[in-house]
Amino acid sequence: MRIAKFTRLGFILAASGSAVGLGNIWKFPYITGEYGGGAFVFVYLITIAFIGITILIAEMLIGYLGEANSVTSFEKLAPKNKKVWKYAGFMAFTGLMILTFYSVVIGWIFNYIFKSFSLPSNIEMAESEFNIFLSTDITTQLAFHTIVFLIIISIVVKGIKAGIEKLNLYLMPILTFILIGIFLYSLNLDGFSKSLEFMFNFNFEKLNSQAILVAVGHAFFTISLGMAAIMTYSASIAKHTNIFRTSLVIVLVDTLIALIAGLALFAFLFEFGSEPSKGPGLVFISLPAIFSEFGIFGNILALSFFISLAFAGLTSAVSLLEPSVQYFIDRFKHSRLKATLLSGGIFYIIGIIALLANTKNFGGNLTFGSKNFFDWIDFITTAFLLPLGGILMAIFVGYIIQKDRVKSLLEPQMGSLIFNIWLFSLRYIVPIALSFVVLNELGVISLNF
Ligand code: PHE
């Protein structure tokens, strides 16, 4: 039984804070650019609507009924084979893996907050600055990774209410406000109509199997599904919270922010004839160069953009750490301080390896096959572990937990028609669709078109 519970608004803000992150503002625009725009956005939106919401409800339900860390929740709720099901709860550690590179990227953002005052005057300069920073400037990257680590643990150590809820209470409104401001400004640019066209012109010729897999993986990443973040937060929901309605709010906020960020970013990009397919460097290369066109106003734009990006990152980062902290507290009776230092230490140290993997001096030794260590962690977590977590939750809620418990809680909230559609999707559509994704990543089957 959790003692400190979120307030209703606190939960919505914290869960939306977890969902809205680097995934929305950094990753979504660049993968949309890489996979050609509209058709990719379409698959992403469909996945969110049909798979994302379904699993989000299941994940919230496990936390709400389990009222504990993820391992204990699975163990408690499994009517039999408890010793086996508890292992599903170890998806909590996927968060620590994500946090290794996530923290490094928030560190880059911190660096770019300071760089907002002296923007590169063209794309070539911006590109070489970014590449030099990543490949040679170990000290600065390490310093910022350390600062990010310290901020994250100093929040999580204060716990759900005084730490996480409070952080989101301040940062979420500010970040939304800034992004809406930038979006409104971008409406005046000529590039805006091109941006609309790029994102919503569903040109299916550009769609291939790889794009679909990336879209599905990203749908998970962006709603923070499949690694017990939402589950762990849901263990501290106030009783009688409407899970169904809350899940819709979270998804709506997350999707709107991704679309707003994407539309604004591409509007700026097209205004100055930039390419949308710049990869992970998109917001670090193209944007600073474009903002420099606006003189001093551009400095303010860059500053507010990178601050909002840092805020989005931090509110997600705490949710990546909390599941394992909660695990150590419940299962090993560690104090919150000790649990936070332990989990924090793990991601901090592995994060340093991820950071070094992008550098000139160490990159060679940290590259395995086609990817370096940093990219491997991103790939393994997003494309494989998160969907796997989704399959486990779908099977668990769809087949294992007593149906009466699920039904008596959710049916009054959803109405029986939607409840039945949800259950059908959870039992059949989600496991089958996600199995394709996972099997394809493992190379067991090969979807290729
Ligand atoms: N949803 C976050 C984002 O879009 C990332 C995240 C994934 C956070 C999984 C928590 C759990 O950036």
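The values are calculated or read from the model by the stated rules, or taken from the named source; none is laboratory data. A quick note: this is a predicted structure, and the numbers were derived from the prediction, not measured. Please note: Cβ atoms are built from the backbone with ideal geometry, for glycine as well, and neighbour counts cover all protein chains shown. Surface areas here come from the heavy atoms of the whole protein model, side chains and all, with no ligands, DNA or RNA. Shrake-Rupley method; radii C 1.70, N 1.55, O 1.52, S 1.80 Å.
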Taking Cα atoms only, Rg over Rh for the range 56-174 with Rh from the Kirkwood formula is 1.14
Please compute the Kirkwood hydrodynamic radius of the range 319-378 from all pairs of different C-alpha atoms, in Å with one decimal. 12.8 Å
Could you sort out which of 76/166; 86/403; 115/194 sit more than 23 Å apart by Cα distance in this structure? 76/166; 115/194
As straight-line cross-link partners of residue 360, the qualifying lysines (C-alpha separation under 21 Å, not fewer than 8 residues apart within one chain) are 278, 371
Whole-percent carbon and sulfur contribution to the accessible surface of the chain (1.4 Å, no ligands, DNA or RNA) stands at 68 percent
Computed curve, the range 250-384, Cα-only Debye sum without solvent term, log₁₀ I(q)/I(0) at 0.12, 0.15, 0.21 Å⁻¹, is -0.73, -1.03, -1.26
Beyond 13 Å, what percent of the Cα pairs of the range 148-216 remain? 78 percent
Would you kindly calculate the translational diffusion coefficient of the range 8-441, applying Stokes-Einstein with the Kirkwood radius from alpha carbon pairs, for 25 °C and a viscosity of 0.890 mPa s, and quote it in µm² s⁻¹ without decimals? 112 µm²/s
For residue 373, tell me the accessible area in Å² from a 1.4 Å probe, rounded to the nearest 10. 50 Å²
So, for the Cα atoms of the range 136-286, Rg and Dmax in Å stand at 18.9, 53
Under 14 Å from the Cα of residue 239, which aspartates and glutamates turn up, not counting those fewer than eight places away in the same chain? 67
If packing is taken as the mean number of other Cβ atoms within 10 Å per residue, what is the order of 35-42, 78-85, highest first? 35-42, 78-85
Can you give me the three principal axis dimensions of the range 303-449 from its C-alpha atoms, in Å, biggest first? 59, 49, 39
Distance histogram in 5 Å bins (all Cα pairs of the range 111-158, percent per bin): 5, 18, 20, 21, 15, 10, 7, 4, 1
Charges only on Cβ, +1 for Lys and Arg, -1 for Asp and Glu: so what's the dipole of the chain about the Cα centre, in debye to the nearest 20? 2100 debye
Compute the accessible area per residue over the range 8-441, keeping the other protein chains in place, probe 1.4 Å, unit Å². 37 Å²
Value in Å of the Kirkwood radius, where the range 125-182 supplies the Cα pairs that are averaged: 14.0 Å
